[in-house]
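*Asks:* First the structure, then my questions, so here it is.
The values are calculated or read from the model by the stated rules, or taken from the named source; none is laboratory data. These figures come from a predicted structure and were not determined experimentally. FYI the Cβ positions are ideal-geometry reconstructions off the backbone, even for glycines, and counts take in every protein chain you see. These area figures cover heavy atoms from the full protein model, side chains too; ligands, DNA and RNA do not enter into them. Shrake-Rupley method; radii C 1.70, N 1.55, O 1.52, S 1.80 Å.
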Protein chains: 2
Amino acid sequence: MIRIGICGYGNLGKAIESEITKSSDLELVAIFTRRDPNSLKIASNTVVENISNVQNWKDKIAVMIMCGGSSTDLPKQVPEMAKLFNTVDSFDTHAKIPEYFDIVDKIAKENHHVSTISVGWDPGMFSVMRLYANTILPNGSTYTFWGKGVSQGHSDAIRRIPGVKDARQYTIPVESAVERVRNGETPNFTTREKHTRECFVVLEDGADKERIEHEIKTMPNYFADYDTTVHFITEEELKREHSSLPHGGFVIHSGKTSNGNKHVIEYSLKLDSNPEFTGSVLIAVARATYKMSNEGLVGAKTIFDIPPIYLSNIAPQDLRKNLL
Amino acid sequence: MIRIGICGYGNLGKAIESEITKSSDLELVAIFTRRDPNSLKIASNTVVENISNVQNWKDKIAVMIMCGGSSTDLPKQVPEMAKLFNTVDSFDTHAKIPEYFDIVDKIAKENHHVSTISVGWDPGMFSVMRLYANTILPNGSTYTFWGKGVSQGHSDAIRRIPGVKDARQYTIPVESAVERVRNGETPNFTTREKHTRECFVVLEDGADKERIEHEIKTMPNYFADYDTTVHFITEEELKREHSSLPHGGFVIHSGKTSNGNKHVIEYSLKLDSNPEFTGSVLIAVARATYKMSNEGLVGAKTIFDIPPIYLSNIAPQDLRKNLL
């Protein structure tokens, strides 16, 4: 059994706690939290520990799955945890990945651990699809579309506007843009041409609708470059209609070989629950991380470095027989 | 430069000869044929050798890409070539892969070579998609649909009927079946419910249409279990409308996580030229095979064993920056 720890008990930590029971080779041994362990109601019978006691678990956990957020938690926690354990995380701030990789790589190497960073679906499965496609058809263009799905970051941005009580934001790919790429065209899209944004907003009593709608639609980085629709709804409707966290998207690569022959590769995900799918990826990667560490590898790794067979707990000969 | 040989100069060998020029780290050094080398008109300036002289190239070729057919060529040639070189092949008789793997594995190990077997798109990219999907969502069902595309095996089967001058057979996925799976249903399809077959047949002078149509539609294994349509056309029309070799298909996996949340993963290929795409996969795998051999690995490998990053000739930090 591979002994697994979960660090952080939000949506992702909860999903992993639940999904890990499907893997007969993995054993969840502890959940670590910054909160008072006694205050945490968890779904399983796992031990809950305050994160300050993590040092005591150094030889009792093979892989720590890091479930904090990318903005502040992971950049701080992963370099610390990589001193004690092999780790897996879903760091998803694309622009900062190179710098983050170097920091984690150095610490993991010094401490003879493997730290697999930035896994989930994007970065993660979408990344490896971009790699396969670009490598097979180097003369081509890759497009990534996200949605339809809930963007937590954009929902949070709306919630920070004074007068907003709650909000949910959906990122929606522009159907006609997806179709053009799917048909082998290689257009240069503007941001606006690829995705639209739809917002469902609950107001505080007496808040100014027009001001808030204007603030959302003109918010730089988040909404200003998109065609954005704002709907004001009641708190009850938000809870009833918008409480799940679906997501998904498409990676489409179109490339050419000799004589102008065209080829289109498409990978798509349609997910009812973003955290449960992301958690499922992290669990498989935890297994692969353990195997890489057992082989004597050290340092930061990504999904690019993982032989796909390492993700599975099924015997290689059975995989070749049934899936090859 | 990684020195590459091509063994076999049919559609696949020709495609590799042409596509390999896109890789600045690969050098095509020789093409091997069973024919008289002087009779072979090739597209490049590469040396052409009779296969009987291959022994002389033992230390001059890093990876031999095997381009023969799966029914008789590869099972005979690959075990011989694995004594002399690292090899890559597209052996695609799914039922015989386990036995083939064991034979090649033994010889490659004895001779300290890596032989990557059964790559292309199915087996190959479709296989690794089935593996990723089943590993991430073990509680789920995977469906593979092929087409619309030309099946060489089925075209050949029609050509063997007396009275048939030439033929082309298209495998076509049943749209409504694909849609059901794409929507997360997990039906048990019969063979007939997944694919239809469409045949374009050129008759010899005076041949009996009705008998031939009946023979096609009732041919066991190839057509009897399918809804098959037969069109009789002229030789000119066959050349004009059906001379290219398009293919493609879909791998769709739908799985569940906690609380019944559903997730659908889909990978699809739409290929203008089956041999050019297959050749492009084999080229990337030849690079990975060279790297695995350089690392000291030996034996038979499949796409399951290859860290995706090994397929690329781009620096790892650039891949992480641009594709992760």
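Yes or no, residue by residue, for (1) at pLDDT below 95; (2) of a type outside the set (D, E, K, R); (3) closer than 22 Å to A:V264 by Cβ:
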| site | (1), (2), (3) |
| --- | --- |
| B:S273 | no, yes, yes |
| B:E276 | no, no, yes |
| B:V298 | no, yes, no |
| B:Y310 | no, yes, no |
| B:D318 | no, no, no |
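*Asks:* Let me ask something else. Test each condition in (1) crowded, with 22+ Cβ neighbours inside 10 Å; (2) within 14 Å of another protein chain (Cβ to nearest Cβ); (3) not in a helix (DSSP H, G or I) for A:G5 and report the one that comes out false.
*Replies:* Looking at each condition in turn, A:G5 falls short on (2).
*Asks:* Is it the case that A:A95 is of a type in the set (G, A, S), open to solvent by 80 Å² or more (accessible area, probe 1.4 Å) and either modelled with pLDDT under 95 or farther than 21 Å from A:L311 by Cα (or both)?
*Replies:* Working: of a type in the set (G, A, S): yes; open to solvent by 80 Å² or more (accessible area, probe 1.4 Å): yes; either modelled with pLDDT under 95 or farther than 21 Å from A:L311 by Cα (or both): yes.
So A:A95 passes the test.
*Asks:* Among the residues of region B:241-257, is any over 21 Å from the mean Cα position of the chain (by Cα), surrounded by fewer than 22 Cβ atoms within 10 Å (Cβ to Cβ), aromatic (F, W, Y) and at pLDDT 95 or above?
*Replies:* No, region B:241-257 contains no residue that is over 21 Å from the mean Cα position of the chain (by Cα), surrounded by fewer than 22 Cβ atoms within 10 Å (Cβ to Cβ), aromatic (F, W, Y) and at pLDDT 95 or above.
*Asks:* Take the residues of region A:8-51 that are closer than 15 Å to A:P275 by Cα and among the hydroxyl-bearing types (S, T, Y): which is least open to solvent (accessible area, probe 1.4 Å)?
*Replies:* A:Y9
*Asks:* Quick test for you: out of A:K14, A:K41, pick the one residue that is under 26 Å from B:N259 (Cβ atoms), free of Cβ contacts under 8 Å to residues at least 12 places away in the same chain and not hydrophobic (A, V, I, L, M, F, W, C).
*Replies:* Values: A:K14 fails: free of Cβ contacts under 8 Å to residues at least 12 places away in the same chain.
Matching residue, one of A:K14, A:K41: A:K41.
*Asks:* Here is a further query. List, please: which pairs have Cβ atoms under 6 Å, are six or more places apart or on different chains, and start with a residue in region B:81-103 that is more than 11 Å from every other protein chain (Cβ to nearest Cβ) and end with one that is open to solvent by less than 10 Å² (accessible area, probe 1.4 Å) and not hydrophobic (A, V, I, L, M, F, W, C)?
*Replies:* Partner pairs satisfying both residue conditions: B:M81/B:T87; B:A82/B:S115; B:N86/B:T289; B:T87/B:S115; B:V88/B:T116; B:V88/B:T289; B:S90/B:G120.
*Asks:* Further, regarding this structure: Report every pair of residues separated by at least 6 positions or lying on different chains whose Cβ atoms are under 7 Å apart, first residue within region B:264-284 and within 7 Å of chain A (Cβ to nearest Cβ), second charged (D, E, K, R) and assigned to a helix (DSSP H, G or I).
*Replies:* Sorted first by the residue in region B:264-284, then by its partner, the pairs are B:V264/B:R182; B:E266/B:R182; B:E276/B:E19; B:S280/B:E19.
*Asks:* Considering only residues that are of a type in the set (V, I, T) and either under 12 Å from A:V88 (Cβ atoms) or at the interface with chain B (Cβ under 10 Å from one of its Cβ atoms) (or both), look in region A:285-319 and name the one that is surrounded by the most Cβ atoms within 10 Å (Cβ to Cβ).
*Replies:* Looking at residues that are of a type in the set (V, I, T) and either under 12 Å from A:V88 (Cβ atoms) or at the interface with chain B (Cβ under 10 Å from one of its Cβ atoms) (or both), I get A:T289.
*Asks:* In this structure, is B:I65 crowded, with 24+ Cβ neighbours inside 10 Å, closer than 24 Å to B:P307 by Cα and within 12 Å of chain A (Cβ to nearest Cβ)? Steps first, please.
*Replies:* Working: crowded, with 24+ Cβ neighbours inside 10 Å: yes; closer than 24 Å to B:P307 by Cα: yes; within 12 Å of chain A (Cβ to nearest Cβ): no.
No, not satisfied.
*Asks:* Another question about this same structure. Which one of these does B:P75 not meet: (1) open to solvent by 50 Å² or more (accessible area, probe 1.4 Å); (2) free of Cβ contacts under 8 Å to residues at least 12 places away in the same chain?
*Replies:* (2)
*Asks:* Considering only region B:128-141, I want to know if a residue exists there that is facing chain A (nearest Cβ under 7 Å), modelled with pLDDT of 95 or more, part of a loop (DSSP other than H, G, I, E, B) and open to solvent by less than 20 Å² (accessible area, probe 1.4 Å).
*Replies:* yes
*Asks:* Anything in region B:108-127 that is in contact (Cβ under 8 Å) with a residue 40 or more places away in the chain and in a helix (DSSP H, G or I)? List them, or say none.
*Replies:* Within region B:108-127, B:A108, B:K109, B:M125, B:F126, B:S127 meet the criteria.
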